[in-house]
Amino acid sequence: QVQLVDSGVGLVQAGGSLRLSCASSGSIFSINAMGWYRQAPGKQRELVVAITNSGRTNYADSVKGRFTISRDNAKNTVYLQMNSLKPEDTAVYYCNAELRYTNYWGQGTQVTVSS
């Protein structure tokens, strides 16, 4: 079992920045990768960015150059720094932990970018 707690302030104007964090606990040694997904109203959940244990990252094209994932292994926490935010980035953002046979999710953080 892995527990994920994601957090961050979620309201900003276009062009602004936000940072989300995701603290993990439990069987963290079983985690192969962590990342962030988002789901906008009426749309499917989509990958924003993931980072593997080896540090390899995979960014969605829509956020490349604007978003950065990082991690603090001592705190078992990953961060998502979001810069140059756009109204189309508005969504619920979910932290994700990928294990060999399953995934765990955080509770989600609403991010709203006003124009």
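The values are calculated or read from the model by the stated rules, or taken from the named source; none is laboratory data. Not measured: the values here are computed from a predicted model. So basically every Cβ, Gly included, is an ideal-geometry build from the backbone, and we count neighbours across all protein chains shown. Remember, those area values only see protein heavy atoms, side chains included, never the ligands or the DNA or RNA. Shrake-Rupley method; radii C 1.70, N 1.55, O 1.52, S 1.80 Å.
Within the stretch 71-80, count every residue that is loosely packed, with under 14 Cβ neighbours inside 10 Å and not charged (D, E, K, R).
Adding up the residues that qualify gives 2.
Screening ARG66 on (1) of a type in the set (D, E, K, R); (2) out of contact with any Gly (no Cβ under 9 Å at 6 or more places or on another chain); (3) more than 19 Å from GLN1 (Cα to Cα); (4) open to solvent by 50 Å² or more (accessible area, probe 1.4 Å) shows it passes everything except condition (4). Does SER30 satisfy being open to solvent by less than 50 Å² (accessible area, probe 1.4 Å) and either modelled with pLDDT under 95 or over 19 Å from LEU18 (Cα atoms) (or both)? Against the criterion (open to solvent by less than 50 Å² (accessible area, probe 1.4 Å) and either modelled with pLDDT under 95 or over 19 Å from LEU18 (Cα atoms) (or both)), SER30 qualifies. Under the condition of being open to solvent by 50 Å² or more (accessible area, probe 1.4 Å) and in contact with a Leu (Cβ under 9 Å, 6 or more places away or on another chain), the residues counted in the stretch 44-58 number 1.
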